[in-house]
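Values quoted throughout were computed directly from the atomic coordinates according to the rules given, and no laboratory measurement underlies them. This structure is a prediction, so every number in the text was calculated from the model and none was measured. Cβ: placed from backbone, ideal geometry, glycine included. Neighbour counts: every protein chain shown.
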Amino acid sequence: MSVETVNTDSLMPMTEIQIRQTRAFVDSLQSECQTYWDMVNVGDELSRDLHITPELVILYADAVEDYNPWYEGWRMNTWYVPGESPFGGAIVPPLLVSHFVLSVQFDHTKPFAIGSIHTFHESEILEPIPVGATVRISARAIDKFIKRERRYVRHEVLVTDVRNGTLYFREVRDILSR
Amino acid sequence: MQQTIQGRSVHGLINRDTPVGHVLVGVRKRAAIQLMGSRLWGRFNPNHWDPVYAAETGLPAPIQTGEMSSAYIAEMCVNHFGAAMFRNARVVCKYIASTHANEVITTHGRVSAKTPKGNGFRFTVEVWADNEQGEKKTVGTVEVDVGV
């Protein structure tokens, strides 16, 4: 598809007002910002706490169309439920926390450099995470490298339970910067 | 431990006797633009949901975030390994090609090794996700303890 023939509503139906809103939103994203490569320095350490609510788990599971009932701490009509899984109550899908690492890899108070791409992850799922847990995601930039003329930033990540310190998840991941 | 909980197998479809070479039945999903544009993924990178922006950056269509195919692979592995997938498991994924909007993606797996561990084995599974033409998009390995 050439640029000339692509429209905002090429892949989903929209009215004129939806198209205007979408174009305005995309324009707003292209505000002044550094590239990911420039935003991150090797040795940078950042940490944030994430409360993994039942609704957040449903949002994730629906977005990847994974309807395993083990992940359900919220159901329509009954709303909050303890859920049931081999570990007792509802648990978090294996790679959910991996997605949220992105929000810890850079200073989220600065405009995000759009166009960066996640290219690799090596994840260790160490213990099941109960739905409702609050986890601390800690990321450390451990390398910046250029491969085939492309710029990559590598992070090392730990996910622990804020309340009891359980180490749930460990990961190394690469982002390709613009 | 119960055999099933809420209709899902606690132990999955693989057991300590499953041989090297065993092929996992995957999951299949369409790269639906509405899901690619979910606020879950942030919506701050229009390459994932806006065809105009994607075209301006040289892409034939918006591309899925890699986390989506990793999640599909994880779903396949939970089907096959059950509860074991949530403790001391390892997932390595490399995104080798972009998944474009409307492509149909299928995950695959093949047991490539079994290493004795405790009373069971640590299974290594070669995993990948491809489109309807068989073009690989994501490749990797998964390691899971079975019967340990």
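Measuring r between the beta carbons of B:Q133 and B:N88 and using R0 = 56 Å, the FRET efficiency lands at 0.95. Label-to-label distance, A:S103 versus B:R39, with points set 7 angstrom from Cα along the beta-carbon direction: 1.2 nm. Dipole magnitude for the protein assembly as shown: computed about the Cα centre from +1 point charges on Lys and Arg Cβ and -1 point charges on Asp and Glu Cβ, it is near 640 debye. Dividing the radius of gyration of the alpha carbons in the range B:79-148 by their Kirkwood radius gives 1.06 for Rg/Rh. Compactness of chain A is given as radius of gyration and Dmax, 19.1, 56 Å, from Cα positions. Calculated translational diffusion coefficient of the protein assembly as shown (20 °C, 1.002 mPa s; Stokes-Einstein with Kirkwood radius over alpha-carbon pairs) equals 104 µm²/s.
Mean-square fluctuations from a GNM of chain A, with a 10 angstrom spring cutoff on Cα atoms, peak among A:T22, A:T134, A:T119 at A:T22. Dipole size of chain A about its Cα centre, with +1 on Lys/Arg Cβ and -1 on Asp/Glu Cβ: approximately 440 debye, rounded to the nearest 20. Against the empirical curve 2.2 N^0.38 Å, the C-alpha radius of gyration of the range A:37-86 lands at a ratio of 1.68.
With both labels modelled 7 Å from their Cα along Cα-to-Cβ, the B:V20 to B:T4 distance reads 3.4 nm. Here's the picture: charge each Lys and Arg Cβ at +1 and each Asp and Glu Cβ at -1 in chain B, and of B:Q34, B:V10, B:V78 the one pushed furthest to the positive end of that dipole is B:V10. With contacts taken as Cα pairs under 8 Å at a separation of at least 6 residues, chain A carries a relative contact order of 25 percent. Of A:M39, B:M85, how do they rank once you tally other Cβ atoms within 10 Å and put the fewest first? Exposure proxy ranking, most exposed first: A:M39, B:M85. Taking the fewest neighbouring Cβ atoms within 10 Å as the starting point, the ordered list for B:F44, B:F123 is B:F44, B:F123.
The modelled label-to-label distance between A:D143 and A:D9, using points 7 Å beyond Cα along the C-beta direction, is 4.8 nm. Lysine pair count for chain B with Cα-Cα distance under 23 Å and sequence separation of 8 or more or different chains is 6.
Given the -39500 (n - 2.57) contribution per DSSP H run of 4+ residues, what per-residue ellipticity at 222 nm results for the protein assembly as shown, rounded to the nearest 500 deg cm²/dmol?
Dividing the helical sum by the residues of the protein assembly as shown leaves -5000 deg cm²/dmol.
Computed over chain B, the quotient of the alpha carbon radius of gyration and 2.2 N^0.38 Å is 1.17.
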